[in-house]
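Below: one structure, written as structure tokens.
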Amino acid sequence: MTAVEPRFDAVVHAPPRLQICGLLAAVDTMEFATVRDAVAVSDSVLSKHVKQLEDAGYVQVRKATIASRQRTSLALTKAGRAAFDAHVAELRRIVGG
Amino acid sequence: MTGGTPLGGEPAVDPQAAAAHLAALQADRAALADRAMQPWWYDALLGLMTFGFFASYSLWFPWAPVVAVVLYGAGARWLMSVYRRLTGTWVSGDRPGPTRRAWRVWTVCSVAVLVPAMVLELLLDVRGAMAVAGAVLGIGIVLISRWWSRIYIAELRGER
């Protein structure tokens, strides 16, 4: 396994984006509603932060209609996963790990 | 949770804040782990579908495997949607990380069971070989699926 180069990322770090990235890093995709409940923010607040992550190329948003209900799922992109891993490595470096 | 913002290109995060961020991330993962295990019937259905798919080759009707592929595909999609609805997430079986060892065991077992069964059934006309292989792999996928989930949950809880 190659070591991750620690790198602070302001886009990832800002609350609650770090939390969003942390959740998405553990899965392939996560439903918008599941992220919202875990982060404990409103739909509009989550949408705003997801848009920022999407603009940075870190998150991909997919919409699908299942049983006449629209479901939105979120996934970290390869760049997002790399940025998150590097940011966590930087936090660990700061802690002294 | 407090944190700093980059000032002059340098992150203003002190060790205590960084440790708090890391602890919060771990707590979120642990909460995710609590809902990650699929119900037993999910694996039972997966096992039955796997048995049915491979056993269809023992029916010796040319269309049976084609029907089985269609049914297996539809069933797999349905199970995927059920898992998404139950957990709000989806995780690929072959994702990188500790769960890869369960995936590798499944791949090796599948080849080890299927190759001899296909030779027996399709080349040597031993009827029922693929049905036996289907039963073995059906039980195998149930056990490996549960094992895979336990590894994943342990990883989320930081127990690995």
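The values are calculated or read from the model by the stated rules, or taken from the named source; none is laboratory data. Fair warning: this is a prediction, and the values are worked out from it, not measured in the lab. Note: ideal-geometry Cβ built from the backbone for every residue, glycine included; neighbour counts use all protein chains shown.
On inspection, B:VAL82 does not qualify as closer than 19 Å to B:LEU143 by Cα and either out of contact with any Ser or Thr (no Cβ under 9 Å at 6 or more places or on another chain) or among the basic types (Lys, Arg) (or both). When restricted to residues that are within 8 Å of another protein chain (Cβ to nearest Cβ) and touching a residue at least 40 places away in the same chain (Cβ under 8 Å), the range A:6-26 contains 4.
Here B:ALA33 meets the list (1) modelled with pLDDT under 90; (2) in contact with a Lys or Arg (Cβ under 7 Å, 6 or more places away or on another chain) almost entirely, failing just condition (1).
Name the single residue, out of those in the range B:62-89 being part of a helix (DSSP H, G or I), of a type in the set (Ser, Thr, Tyr) and within 25 Å of A:ALA26 (Cα to Cα), that is nearest to the chain's Cα centre (by Cα).
Pass one, the range B:62-89, residues part of a helix (DSSP H, G or I): B:64-87.
Filter again for of a type in the set (Ser, Thr, Tyr), leaving B:72, B:81, B:83, B:87.
When the remaining residues are screened for being within 25 Å of A:ALA26 (Cα to Cα), the result is B:81, B:83, B:87.
Working: B:SER81: 14, B:TYR83: 11, B:THR87: 14 Å.
Taking the candidates together, the pick is B:TYR83.
For the range A:28-41, name all the residues that are assigned to a loop (DSSP other than H, G, I, E, B) and either among the aliphatic types (A, V, I, L, M) or more than 17 Å from B:SER81 (Cα to Cα) (or both). A:ALA40, A:VAL41, listed by residue number.
Residues that are more than 15 Å from A:LEU46 (Cβ to Cβ) and of a type in the set (Lys, Arg) within the range A:59-84 comprise A:ARG62, A:ARG69, A:LYS78, A:ARG81, listed in sequence order. When residues in the range B:45-69 are screened for being at pLDDT 95 or above and of a type in the set (Val, Ile, Thr), 1 of them pass.
Residues of the range A:71-89 that are out of contact with any Asp or Glu (no Cβ under 8 Å at 6 or more places or on another chain) and closer than 10 Å to A:PRO6 by Cβ: A:ASP85, A:VAL88. Give me the residue from the range A:66-97 that is more than 8 Å from every other protein chain (Cβ to nearest Cβ), of a type in the set (A, V, I, L, M) and touching a helix residue (DSSP H, G or I) at 6+ places or on another chain (Cβ under 7 Å) and, out of that set, farthest from B:SER81 (Cα to Cα). Residue satisfying both the conditions and the ranking: A:ALA83. Cβ separations smaller than 9 Å between residues 6+ apart or across chains give the following pairs from the range A:43-72 residues that are over 14 Å from A:MET30 (Cα atoms) and touching a residue at least 24 places away in the same chain (Cβ under 8 Å) to residues that are of a type in the set (Phe, Trp, Tyr) and in a helix (DSSP H, G or I): A:TYR58/A:PHE84. Looking across B:LEU86, B:LEU156, B:LEU143, B:LEU120, one residue alone is over 18 Å from B:GLY47 (Cα atoms) and free of Cβ contacts under 8 Å to residues at least 24 places away in the same chain. It is B:LEU120.
Filtering the range A:42-77 to residues that are out of contact with any Lys or Arg (no Cβ under 7 Å at 6 or more places or on another chain), part of a helix (DSSP H, G or I) and within 21 Å of B:LEU22 (Cα to Cα) leaves only A:VAL50. When the residues of the range A:29-43 are filtered to those that are at the interface with chain B (Cβ under 7 Å from one of its Cβ atoms) and within 11 Å of the chain's Cα centre (by Cα), the one that is surrounded by the fewest Cβ atoms within 10 Å (Cβ to Cβ) is A:THR29.
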